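The values are calculated or read from the model by the stated rules, or taken from the named source; none is laboratory data. Only a predicted model underlies this, so the values are computations on that prediction, with no experimental measurement involved. All Cβ positions, even for glycine, are placed from backbone atoms using ideal geometry, and neighbour counts span all protein chains on display.
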Amino acid sequence: MLALLCCVPAASAQQPPTPSRSPEQIQLDLIQIEREIGRANLDCDYQYFAKVEADEFLFTDAAGGLTTKRGDLAGEESCRKSNGTYDVDETRVQLYGGTAVVTGRVTTTGTSKEGQKVIHHSRFTDVFVWRDARWQLVAGHYSRIPEPKAS
């Protein structure tokens, strides 16, 4: 019994598992995941979302709406592939052991119903945890950057 009690504090003091890569490589890996999220959005690749989103994933959109992983994956039925672009820049990755916060800007392009080119800019914050030897997205948020008014 005493041996068991001695082991409990040591086990609870262990840090969460982290990837065995340098912080710089982890940052590059997470930025690549953000780019893959964009590709998956354009290609309607819901298998990718099923893999990268944790079961408890919660997304908050610019209007305050919430989407769970289940709700996100249900969008596959109405998704239409796009030949637009999804570019990620101004990224910042903050590491906290087995947790990472990724922020950045996304520029998307597409075509309106009228055939006009449409460009949108937004900012995002994604939270990842290192679990089962991979990064899983647990929370996300985005806000549209208003277009400058013509003077």
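Tabulated results
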quantity: Residue under evaluation GLU77, criteria (1) among the acidic types (Asp, Glu); (2) within 15 Å of GLY140 (Cα to Cα); (3) assigned to a helix (DSSP H, G or I), criterion not met; calculated: (2)
quantity: Residue that is surrounded by the fewest Cβ atoms within 10 Å (Cβ to Cβ), among those in the stretch 41-54 that are in contact with a strand residue (DSSP E or B) (Cβ under 9 Å, 6 or more places away or on another chain) and over 11 Å from LEU137 (Cβ atoms); calculated: LEU42
quantity: Output for the stretch 80-132, where each listed residue is free of Cβ contacts under 8 Å to residues at least 12 places away in the same chain and either within 27 Å of ARG21 (Cα to Cα) or not in a strand (DSSP E or B) (or both); calculated: GLN94, TYR96, SER112, LYS113, GLU114, GLY115, GLN116, ASP132
quantity: Unique match (being closer than 22 Å to TYR96 by Cα, modelled with pLDDT of 95 or more, assigned to a helix (DSSP H, G or I) and charged (D, E, K, R)) among GLU56, GLU34; calculated: GLU34
quantity: Given (1) in contact (Cβ under 8 Å) with a residue 12 or more places away in the chain; (2) at negative phi, number of the condition CYS44 does not satisfy; calculated: (2)
quantity: Inter-residue pairs, beta-carbon under 9 Å, first free of Cβ contacts under 8 Å to residues at least 60 places away in the same chain and in the stretch 47-67, second in a loop (DSSP other than H, G, I, E, B), 6+ apart; calculated: THR67/ASP61
quantity: Criterion (modelled with pLDDT of 95 or more, in contact with a strand residue (DSSP E or B) (Cβ under 7 Å, 6 or more places away or on another chain) and not small (Gly, Ala, Ser)) met by exactly one of THR18, THR91; calculated: THR91
quantity: Subset of the stretch 104-151 [of a type in the set (A, V, I, L, M, F, W, C), under 22 Å from ARG80 (Cα atoms) and either at pLDDT below 95 or exposed (fewer than 13 other Cβ atoms within 10 Å of the Cβ) (or both)]; calculated: VAL118, ILE119
